[in-house]
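Engineer: Below is a structure I'd like to ask you about.
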Amino acid sequence: MLRGISRTKFRSIVMLISVVILLKNILTFLRHTSRHTDVVRKPKLGNSFTSNVSKPNILFILADDYGYNDIGYHGSEIKTPNLDKLAMSGVRLENYYVQPICTPTRSQLLTGRYQIHTGLQSGVIWPTEPSSIPLDSKTIADKLSDAGYSTHMVGKWHLGYHKREYLPTRRGFHSFFGFLNGHNDYFSYQSRYKTYKGFDLRENEDPAEMKKYHGKYSTHVLTEKAIDIFKQDRTGKPFFVYLAFQAPHTPLQVPEYYLNQYKHIQQTPGRKTYAAMVSCMDEGVGNITRALKDLGVWDNTLLIFSSDNGAEYGSGSNRPLRGFKGSYWEGAIKAVGFVHGKLLNHELIGSVSKELLHVTDWFPTLVNLAGGDFNGTKPLDGHDQRECIFEGKSSKRKEILINIDPVVVAPGRPLFNNTFDTTISASIRLDKWKLLTGTTKGGPSRRPRNPNLWLMNIEKDPHELEDLSDQYPSLVQYMLKRLQYYQSTAVPVVKPRQDTMADPALLGGFWGPWLDE
């Protein structure tokens, strides 16, 4: 075949073929590299946390003293269209528990540890108490910051501040705007405690410039600050924003125009104002979600909404649950909660989860979701619930220690001699069963055989109307032994004497750290 072709021409043909083969190999390599690069640079958001996803933004919104019956999708008379829309297109958490009062819920959210393990098991931190989350307890902000997140807090702290090292910006948050105590005036930002009075509003670690905020309604200001964070964060990192609204905690205050839609509410003092406060908060959530959409980051944002405890007696409503804030009944600890975002399995959209969850679970769940680690953390009481929340699988927890408060003790003698002291105020949830001991107001209608012990089947009796302790003595003994075990792991209650040096009059008129050198 090659006869008649000169040697020179033959060499040229061979070289041409070699060049074609080389070009073909180069094109194949480039196509493969291009496909690989697209996967790395532009990962598609999946419907499951196990998908190859970029780190999601996390927005955690906490409402204060928010009643179980005060959100629209629970049949409330209060209008919450934005929260309802988010919840109904997410997963509603209907077996989700928090703590009965402010400080314990917030401490457990941020540390993933029961309050018996941080010394915060009795009451809240008062403004003049030199107490806080122990420094050896890493916060969720610490660990998300370590995982590459830009971390910010807006709103209510209520976790101690007697030294600067306990301020939010020293506990993992890159920025903080809000107040340090349990509550303040919604317009003047003054907080009163006993005979003390002072402004309670800070930007990072310094007192806020009050002329900028005086007269502006707290819910509006906190909403605007959260939106500013989204707009101004140029770090290129995913964000974790913890927005702890003051609403609808007392004092009951709201701009007049929010009251117009609730003129029909007359029967309960304060209920109309409370309802208007909730609607204002709902409006704020709507404004925040709109801002995230406008900025193009909504699709990669996980939103978690939670109450810190149930409503106080009076203006709020926990119906049909028994009890109010401060008790161990369901009305105090069964939270309003839902999750919204594209990380959810698409089949779960609009669903209700009845799986047992607790506020301590957010710490390991979100840190793992962010690809973080637990180096330097103390032993956690929370469980990683990613599979439960995002894929609809069973909860990893069957038990919740609600609390053991050895400071609050009922009169009389313990019911048993060989296990947990039933005069101590405590409660534990085990699967469908719930046990309470000690002094508890508003007990079941059927008088228990011992006033210091109640056992309820929460699945069959969610309103806690019947004590079953005399019918299930073995179960009672087992649950008391579980309380005894938890008590053996508890650290002493941290309740230092209140310090007059915390007086804002000595600190330029502001509440703030008073024990720094």
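The values are calculated or read from the model by the stated rules, or taken from the named source; none is laboratory data. Bear in mind that the values here come from a model prediction, so they are computed numbers and not experimental data. So basically every Cβ, Gly included, is an ideal-geometry build from the backbone, and we count neighbours across all protein chains shown. Note: areas computed on protein heavy atoms with side chains; ligands, DNA, RNA excluded. Shrake-Rupley method; radii C 1.70, N 1.55, O 1.52, S 1.80 Å.
Engineer: Can you pull out every residue in the stretch 251-268 that is surrounded by 14 or more Cβ atoms within 10 Å (Cβ to Cβ) and either closer than 14 Å to residue 79 by Cβ or of a type in the set (S, T, N, Q) (or both)?
Structural biologist: Selection gives 253, 254, 258, 259, 261, 262, 265.
Engineer: Can you tell me which residue within the stretch 376-390, out of those that are touching a residue at least 60 places away in the same chain (Cβ under 8 Å) and in a loop (DSSP other than H, G, I, E, B), is farthest from residue 486 (Cα to Cα)?
Structural biologist: The qualifying residue farthest from residue 486 (Cα to Cα) is 376.
Engineer: Would you confirm whether any residue within the stretch 249-262 is assigned to a loop (DSSP other than H, G, I, E, B), in contact with a strand residue (DSSP E or B) (Cβ under 6 Å, 6 or more places away or on another chain) and modelled with pLDDT of 95 or more?
Structural biologist: no
Engineer: While we're looking at this one, here's another question. Which of the residues that make up the stretch 140-158 are part of a loop (DSSP other than H, G, I, E, B) and surrounded by fewer than 24 Cβ atoms within 10 Å (Cβ to Cβ)?
Structural biologist: Within the stretch 140-158, 147, 148 qualify.
Engineer: Which of the residues that make up the stretch 228-248 are in contact with a Leu (Cβ under 8 Å, 6 or more places away or on another chain) and part of a loop (DSSP other than H, G, I, E, B)?
Structural biologist: Those that are in contact with a Leu (Cβ under 8 Å, 6 or more places away or on another chain) and part of a loop (DSSP other than H, G, I, E, B): 245, 246.
Engineer: Let me ask another. Is there any pair linking a residue in the stretch 295-313 that is basic (Lys, Arg) to one that is outside any helix (DSSP H, G or I), with Cβ under 9 Å and at least six apart or on different chains, and which?
Structural biologist: Final answer for the pair search is none.
Engineer: Quickly run through the stretch 298-314 and pick out the residues that are of a type in the set (Ser, Thr, Tyr) and at pLDDT below 95.
Structural biologist: 313, the sole residue that qualifies.
Engineer: Can you name the residue in the stretch 358-384 that is in contact with a His (Cβ under 9 Å, 6 or more places away or on another chain) and under 22 Å from residue 57 (Cα atoms) and is also surrounded by the fewest Cβ atoms within 10 Å (Cβ to Cβ) among such residues?
Structural biologist: Among those that are in contact with a His (Cβ under 9 Å, 6 or more places away or on another chain) and under 22 Å from residue 57 (Cα atoms), it is 383.
Engineer: It is to be established whether one or more residues within the stretch 420-430 are assigned to a loop (DSSP other than H, G, I, E, B), of a type in the set (Gly, Ala, Ser) and surrounded by 15 or more Cβ atoms within 10 Å (Cβ to Cβ).
Structural biologist: no
Residue by residue, here is whether (1) within 18 Å of residue 78 (Cα to Cα); (2) of a type in the set (Phe, Trp, Tyr); (3) over 21 Å from the mean Cα position of the chain (by Cα) holds:
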position: 271; (1), (2), (3): yes, no, yes
position: 292; (1), (2), (3): no, no, no
position: 301; (1), (2), (3): no, no, no
position: 310; (1), (2), (3): yes, no, no
position: 314; (1), (2), (3): yes, no, yes
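Engineer: Just give me the residues in the stretch 292-332 being surrounded by fewer than 21 Cβ atoms within 10 Å (Cβ to Cβ), in contact with a strand residue (DSSP E or B) (Cβ under 9 Å, 6 or more places away or on another chain) and not hydrophobic (A, V, I, L, M, F, W, C), in sequence order.
Structural biologist: Across the stretch 292-332, the qualifying residue is only 300.
Engineer: List pairs: first residue in the stretch 462-484 and at negative phi, second residue among the small types (Gly, Ala, Ser) and surrounded by fewer than 15 Cβ atoms within 10 Å (Cβ to Cβ) anywhere in the structure, Cβ distance under 6 angstrom, at least six positions apart or on different chains.
Structural biologist: 465/445
Engineer: Out of the stretch 391-405, which residues are in a loop (DSSP other than H, G, I, E, B) and in contact with a His (Cβ under 6 Å, 6 or more places away or on another chain)?
Structural biologist: 396, 397
Engineer: Considering every residue within the stretch 336-344, establish whether at least one is under 25 Å from residue 461 (Cα atoms) and open to solvent by 10 Å² or more (accessible area, probe 1.4 Å).
Structural biologist: For the stretch 336-344, residues under 25 Å from residue 461 (Cα atoms) and open to solvent by 10 Å² or more (accessible area, probe 1.4 Å): absent.
Engineer: Also, I was wondering about something else. Can you name every residue in the stretch 193-243 that is free of Cβ contacts under 8 Å to residues at least 60 places away in the same chain, over 25 Å from residue 139 (Cβ atoms) and open to solvent by less than 60 Å² (accessible area, probe 1.4 Å)?
Structural biologist: 210, 213, 215
Engineer: Sticking with this structure for a sec: Is it the case that some residue within the stretch 60-81 is basic (Lys, Arg), modelled with pLDDT of 95 or more and more than 23 Å from residue 273 (Cα to Cα)?
Structural biologist: No - not one qualifying residue is present in the stretch 60-81.
Engineer: If residue 445 satisfies all but one of (1) of a type outside the set (Val, Ile, Thr); (2) at pLDDT below 95; (3) in contact with a helix residue (DSSP H, G or I) (Cβ under 7 Å, 6 or more places away or on another chain), what's the number of the condition it fails?
Structural biologist: Among (1) of a type outside the set (Val, Ile, Thr); (2) at pLDDT below 95; (3) in contact with a helix residue (DSSP H, G or I) (Cβ under 7 Å, 6 or more places away or on another chain), residue 445 violates only (3).
Engineer: If you check every pair at least six apart or on different chains, which have Cβ atoms under 6 Å apart with a residue in the stretch 391-403 that is within 14 Å of residue 330 (Cα to Cα) and modelled with pLDDT of 95 or more first and a residue that is of a type in the set (A, V, I, L, M) and buried (at least 19 other Cβ atoms within 10 Å of the Cβ) second?
Structural biologist: Partner pairs satisfying both residue conditions: 401/428.
Engineer: Please indicate, with yes or no, whether at least one residue in the stretch 273-281 is without any contact (Cβ under 8 Å) to a residue 60 or more places away in the chain and either farther than 19 Å from residue 79 by Cα or of a type in the set (A, V, I, L, M) (or both).
Structural biologist: Yes, the stretch 273-281 has at least one match.
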